[in-house]
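Heads up, the thing below is written out as structure tokens.
The values are calculated or read from the model by the stated rules, or taken from the named source; none is laboratory data. This one's a predicted model, so the numbers in the text were calculated from it and none came from an experiment. Don't worry about glycine lacking a Cβ; one is built from the backbone with ideal geometry, like all the others, and counts go over all protein chains shown. For the accessible areas, the whole protein counts, side chains as well, though only heavy atoms, and no ligand, DNA or RNA atoms are used. Shrake-Rupley method; radii C 1.70, N 1.55, O 1.52, S 1.80 Å.
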Amino acid sequence: MTLLGIDIGGTGIKGAPVDVETGQLTAERLRIPTPQPALPNAVADVVQQIAAHFNYQGPTGVTFPAVVKKGVIYTASNVDSSWIGTNAGELFSKHVGGPATVVNDADAAGIAEMRFGAGQDRPGVVIMITLGTGIGSAIFLDGKLLPNAEFGHLQIRGKDAEKRASEKMREVKKLSWKQWAKRLSEYLNELEKLFSPDLFIIGGGISKKSEKFFPLLKTKTEVIVVPAEMRNEAGIIGAAYLARPS
Ligand code: BGC
């Protein structure tokens, strides 16, 4: 079965049809810059353009960088505050000609990794962390997701973790890889204290530069930085997978 997956990010909105049995994209993905300001109707128009580009009508999975419950957006750390209370499921459904399943972006990426990528056949407690504009997180026990974990907002040295250790902060603060890896290790160590995970999976834009920081990380837990195949597409794949009709 092939379903459309769409990944909404702060700078780009990406989509592609996905074979949800294999986790493979069946066509080259389309990326459209996120409209600024990223208000609900403007974003929904882009969602519609992506569905139209693939000539697609039907169940669609859409990621969103916030807490999402039953299609409703609850938080807005890195998005316009007008999203809070918006029923994104209903809004996007009108634009894709089928039901839209809206999920947190890191949850979708985590699902894709657990089902088709680095987390396959990995039982126990697995924590996926995505490093980009913010820090996204997803936690699994024996492959089952606990949705909407917001570990990017854990307080480290009195600050939101994502304001210290995200990819964006590395750039904004012009941190060296060593300085940034120290911050990231401190953050992962805090998660270790709280959850005693069996595995960390690190994804998001930063995973492209894995060789720069991976050797500098200091954790007790095994860390996998996601390999190239899934890097850019995990959100799209996980969203499409979660949109499977029950
Ligand atoms: C949001 C999360 C999101 C993460 C990555 C955080 O600021 O609170 O919901 O998953 O950014 O986009």
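Filtering the range 190-220 to residues that are of a type in the set (S, T, N, Q) and either assigned by TED's automatic domain parsing to the domain that holds I8 or open to solvent by 20 Å² or more (accessible area, probe 1.4 Å) (or both) leaves S196, S210, T219. Of all residues in the range 131-154, those being closer than 18 Å to K69 by Cα and either more than 12 Å from the ligand (Cβ to nearest atom) or among the aliphatic types (A, V, I, L, M) (or both) number 7.
Each residue in the range 30-45 was checked for being open to solvent by 40 Å² or more (accessible area, probe 1.4 Å) and β-branched (V, I, T), and 0 of them qualify. Scanning the range 1-29 for residues that are crowded, with 16+ Cβ neighbours inside 10 Å and not in a loop (DSSP other than H, G, I, E, B) yields a total of 14.
Within the range 50-98, the only residue that satisfies the criterion of being assigned to a strand (DSSP E or B) and either modelled with pLDDT under 95 or basic (K, R) (or both) is K69.
Could you list, in sequence order, the residues of the range 20-54 that are farther than 11 Å from L4 by Cα, among the β-branched types (V, I, T) and touching a residue at least 60 places away in the same chain (Cβ under 8 Å)? Hit for the range 20-54 is T22, nothing else.
V103 meets each of the listed conditions (1) in the same structural domain as V172 (by TED's automatic domain parsing); (2) open to solvent by 20 Å² or more (accessible area, probe 1.4 Å); (3) in contact with a Phe, Trp or Tyr (Cβ under 8 Å, 6 or more places away or on another chain); (4) in contact (Cβ under 8 Å) with a residue 60 or more places away in the chain apart from (1). Within the range 83-94, being open to solvent by 50 Å² or more (accessible area, probe 1.4 Å) and within 16 Å of the ligand (Cβ to nearest atom) holds for I84, G85.
Any residue at all in the range 65-73 that's assigned by TED's automatic domain parsing to the domain that holds E28, in contact with a Ser or Thr (Cβ under 9 Å, 6 or more places away or on another chain) and more than 13 Å from the ligand (Cβ to nearest atom)? Yes.
Go through the residues of the range 119-139 one by one and say whether even a single one is over 20 Å from N104 (Cβ atoms), at pLDDT 95 or above and open to solvent by less than 20 Å² (accessible area, probe 1.4 Å). The answer is yes; a qualifying residue exists.
For the criterion of being of a type in the set (D, E), more than 12 Å from the ligand (Cβ to nearest atom) and open to solvent by 20 Å² or more (accessible area, probe 1.4 Å), E186 passes.
Take the range 103-130 and flag every residue that is near the ligand (Cβ under 9 Å from one of its atoms) and in a strand (DSSP E or B). Across the range 103-130, the qualifying residues are N104, T130.
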